[in-house]
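Visitor: The structure follows.
The values are calculated or read from the model by the stated rules, or taken from the named source; none is laboratory data. Model, not experiment: these values are computed from the prediction. Because the Cβ atoms are built from the backbone with ideal geometry, glycine has one as well, and the counts that use them run over all protein chains shown.
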Amino acid sequence: MNIEDLKAEIIAYSKEIGIDKIGFTTADPFVELKERLRRQQELGYQSGFEKGTIEERTEPRLLFPDAQSIISIAVAYPAKMENAPKSTRGDRRGVFCRASWGIDYHDALKERLSKLSDFIKSKETEFTGKLMVDTGELVDKAVAERAGIGFGGKNTLLITPEFGSYVYLGELITNIPFTPDEPLEDSCGDCTICIDVCPTGAIVQGGQLDSKRCIAFLTQVKDFVPEEFRDKIGNRLYGCDTCQAVCPRNRHVDFHLHADLEPEPEIVKPQLKPILKMSNRQFKETYGHMAGSWRGKKPIQRNAIIALGVYKDNTAIDELIEILVNDPRPVMRGTAAWSLGKIGTDAALIAISEAKEREADDQVLYEIDLALNKLEGGAASNAR
């Protein structure tokens, strides 16, 4: 079949299987990206979640020797949720970012890419390909930029003309030399809103992110969250949408095109206190289908503890004391001490003081002392 005719058929078929945008680019190395990644590495801005070497992330033929072109896809996801439950005193709730609404987007896009691959194979028997979504070596955003899906925003996200930045990305490396599409021009202009309002200053400059300061990263680490970031995390259980929510390109953007990506309100904005007592099985049954579950329950529970402290929810004191006293995980005990210190009642002070007498872990003791210093300092200040 003529390659241009095949390309047209692929584009038409992609609409039938729930792909909202599709673009084509070469399998040539991503030369500029390689230099940017090296600079990120030198500055210590990488998250550590990246897969592969810089060469593997920028040279498609190292991953797929027969590579001739790359097909990039985008699938739009919702920006707003109907009937979102309210967070109220005594019934505080956390929130999962929009990219964790619905089923795990890795599964959703891999299913679409697999169908696309099978379709091409049915038309071109010599076709071979390799698909990847997010966790693969290639940088999805860079592929999508070069394929004309959208442009790279200053918030480091891909921004499409139609769907803003609320899109999932994936790609299919192929052995067919499709005609590449033209990239779009950057359109952020002089706007710096995302840089100005980033809660932790993680967007160093337009298009450059210090991943280790990014709340989306911080909510996923399994260790203690540095104290300077805890209040800024707020009630986020997984991810952060601030740099998307403030983007003018996302104003009035809200697409509900795919049932499998629709949020379940009680799941994506859950009550905080029940999360603290969840078993591994309960966590998997409740959240296992979501992208936000990939690191397991530990980070989600720790973030729930932080959120209760930020809310100063004194109805959670008994649960937090139970964690401080009996949880076998130092990160949980230490974070509970911090949270109780934020709540700051007499019961919290007594519980933290008693816990200090029993605690043997140095990091937990550090958190206990931090909480006690704040509580005692506050008491001294109130006495003056």
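Visitor: Which pairs turn up if I take residues in the range 312-329 that are at positive phi and look for partners that are not hydroxyl-bearing (Ser, Thr, Tyr) with beta carbon separation below 7 Å, at least 6 apart in sequence or on another chain?
Guide: 312/342; 312/343
Visitor: May I pose another question? Filter the range 275-293 down to the residues that are under 19 Å from the mean Cα position of the chain (by Cα) and buried (at least 21 other Cβ atoms within 10 Å of the Cβ), then identify the one that is nearest to residue 90 (Cα to Cα).
Guide: 287
Visitor: So, in the range 356-370, how many residues would count as being in contact with a helix residue (DSSP H, G or I) (Cβ under 6 Å, 6 or more places away or on another chain) and in a loop (DSSP other than H, G, I, E, B)?
Guide: Looking only at that region, the number is 2.
Visitor: Collect the residues in the range 277-298 that are of a type outside the set (D, E, K, R), over 14 Å from residue 263 (Cβ atoms) and assigned to a loop (DSSP other than H, G, I, E, B), keeping them in residue-number order.
Guide: 278, 279, 288, 294, 296
Visitor: Please go through the range 178-218 and pick out each residue that is charged (D, E, K, R) and farther than 27 Å from residue 24 by Cβ.
Guide: 190, 196, 210, 212, 213
Visitor: Return yes when residue 310 is β-branched (Val, Ile, Thr) and buried (at least 21 other Cβ atoms within 10 Å of the Cβ) and no when it is not.
Guide: In short, no.
Visitor: For residues that are more than 16 Å from the chain's Cα centre (by Cα) and of a type in the set (Lys, Arg), scanning just the range 233-274, find the one that is nearest to residue 308 (Cα to Cα).
Guide: Restricting to residues being more than 16 Å from the chain's Cα centre (by Cα) and of a type in the set (Lys, Arg), the top hit is 273.
Visitor: Is the range 37-45 home to any residue that is closer than 30 Å to residue 255 by Cα and outside the structural domain of residue 264 (by TED's automatic domain parsing)?
Guide: No, there is no match, as no residue in the range 37-45 is closer than 30 Å to residue 255 by Cα and outside the structural domain of residue 264 (by TED's automatic domain parsing).
Visitor: Give the residue that is surrounded by the fewest Cβ atoms within 10 Å (Cβ to Cβ), with candidates limited to residues of the range 219-269 that are of a type in the set (Phe, Trp, Tyr) and closer than 18 Å to residue 167 by Cα.
Guide: If we take residues in the range 219-269 being of a type in the set (Phe, Trp, Tyr) and closer than 18 Å to residue 167 by Cα, then 255 is surrounded by the fewest Cβ atoms within 10 Å (Cβ to Cβ).
Visitor: Additional query: Could you please let me know if residue 373 is in a helix (DSSP H, G or I), assigned by TED's automatic domain parsing to the domain that holds residue 227, touching a strand residue (DSSP E or B) at 6+ places or on another chain (Cβ under 9 Å) and on the phi < 0 side of the Ramachandran plot?
Guide: On the way: in a helix (DSSP H, G or I): yes; assigned by TED's automatic domain parsing to the domain that holds residue 227: yes; touching a strand residue (DSSP E or B) at 6+ places or on another chain (Cβ under 9 Å): no; on the phi < 0 side of the Ramachandran plot: yes.
Judged against the criteria, residue 373 is not a match.
Visitor: Within the set of pairs 6+ apart or on separate chains, which have a first residue in the range 338-362 that is farther than 11 Å from residue 314 by Cβ and modelled with pLDDT under 95, a second that is of a type outside the set (S, T, N, Q) and surrounded by 19 or more Cβ atoms within 10 Å (Cβ to Cβ), and C-beta atoms under 6 Å apart?
Guide: Sorted first by the residue in the range 338-362, then by its partner, the pairs are 349/375.
Visitor: Follow-up question, since we're still on this one. Which pairs turn up if I take residues in the range 142-171 that are more than 12 Å from residue 74 (Cα to Cα) and look for partners that are in a loop (DSSP other than H, G, I, E, B) and of a type in the set (D, E, K, R) with beta carbon separation below 7 Å, at least 6 apart in sequence or on another chain?
Guide: Cβ pairs passing all conditions: 151/185; 151/186; 152/186.
Residue by residue, here is whether (1) in contact (Cβ under 8 Å) with a residue 24 or more places away in the chain; (2) aromatic (Phe, Trp, Tyr); (3) touching a helix residue (DSSP H, G or I) at 6+ places or on another chain (Cβ under 9 Å); (4) surrounded by 18 or more Cβ atoms within 10 Å (Cβ to Cβ) holds:
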residue: 179; (1), (2), (3), (4): yes, no, yes, no
residue: 194; (1), (2), (3), (4): yes, no, yes, yes
residue: 198; (1), (2), (3), (4): yes, no, yes, yes
residue: 217; (1), (2), (3), (4): yes, yes, yes, yes
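Visitor: Against the condition of a type outside the set (Ser, Thr, Tyr), touching a Ser or Thr at 6+ places or on another chain (Cβ under 9 Å) and part of a loop (DSSP other than H, G, I, E, B), how does residue 244 come out, does it pass?
Guide: no
Residues checked against (1) under 19 Å from residue 217 (Cα atoms); (2) out of contact with any Asp or Glu (no Cβ under 9 Å at 6 or more places or on another chain):
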{"position": "114", "(1), (2)": "no, yes"}
{"position": "123", "(1), (2)": "no, no"}
{"position": "127", "(1), (2)": "no, yes"}
{"position": "135", "(1), (2)": "yes, yes"}
{"position": "141", "(1), (2)": "yes, yes"}
{"position": "145", "(1), (2)": "no, yes"}
{"position": "160", "(1), (2)": "no, no"}
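Visitor: While we're here: Is there any pair with a first residue in the range 261-285 that is farther than 15 Å from residue 83 by Cβ and a second that is at pLDDT below 95 whose Cβ atoms are under 7 Å apart and which are 6 or more apart or on different chains, and what are they?
Guide: These pairs meet every condition: 271/91.
Visitor: Return the only residue of 153, 102, 136, 164 being modelled with pLDDT under 95, under 18 Å from the mean Cα position of the chain (by Cα) and either surrounded by fewer than 19 Cβ atoms within 10 Å (Cβ to Cβ) or assigned by TED's automatic domain parsing to the domain that holds residue 66 (or both).
Guide: 136
Visitor: Let me ask something else. Looking at this structure, is residue 72 at pLDDT 95 or above and hydroxyl-bearing (Ser, Thr, Tyr)?
Guide: Against the criterion (at pLDDT 95 or above and hydroxyl-bearing (Ser, Thr, Tyr)), residue 72 qualifies.
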